[in-house]
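Encoded as structure tokens, the structure appears first; notes follow it.
Nothing in this text is a laboratory measurement; each read-out follows from the coordinates by a stated rule. Source: prediction; values computed, not measured. Neighbour counts run over all protein chains shown; Cβ positions are idealised from the backbone, glycine included.
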Amino acid sequence: MRQATASRRVAAFARAGLVAGIVLVLDQVTKHTLAAGIDAGESKSFLPGVHLVHVRNTGVAFSIFSGGGTLVLVFTLAALALLIGYFVRHPDRRLLWLPTGMLVGGAVGNLIDRIASGAVTDFIKLPHWPAFNVADMSITFGVLVLLWVLAGPRAKR
């Protein structure tokens, strides 16, 4: 019985790590590819209603706390610590590994930018919406999936 529980825990951590790794790689590759092909401030039409831009964001989502520097970093690290702490205590919670991986991968992707260059590279621009990136999409959908998982039944796996 203990071995089965330990095996499920390891599998949940492996799944979360895999999701985080995929998000992180996609985020970094797309940011570097777009940054190399589009000058800062430039915009190129991609699809109807979708533009590729090169924007440097020093804040968090929608440039909130722009220029927040240390405050943004501390807030992000605290949120990550709380999420990981919850996951460590509840790895058997059905599908919790999915939003955990999405949120960790997205947060780490943006943290890499913030630490390396002081700002996050955003490159997808929709009409009447601030520019964003793959990490931002993963964080947004990760929060929605986390809310769904937490509001759902407490059945294991």
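What the Cβ-Cβ distance of K44 and T140 gives, at R0 = 25 Å and to the nearest 0.05, is a FRET efficiency of 0.60. Under 5 Å from the amide H of H90 lies no amide H of any residue 5 or more positions distant or on a separate chain, with H modelled from the backbone and absent for Pro and chain starts. Here the alpha carbons of region 2-151 define both size measures, Rg and Dmax, at 16.6, 57 Å. Around the amide H of L95, modelled in the peptide plane, lie the amide H atoms of R157, all under 5 Å away and 5 or more residues distant in sequence or on another chain.
Per-residue ellipticity at 222 nm from helix content only, as computed over the chain with -39500 (n - 2.57) for each DSSP H run of at least four residues, stands at -21500 deg cm²/dmol.
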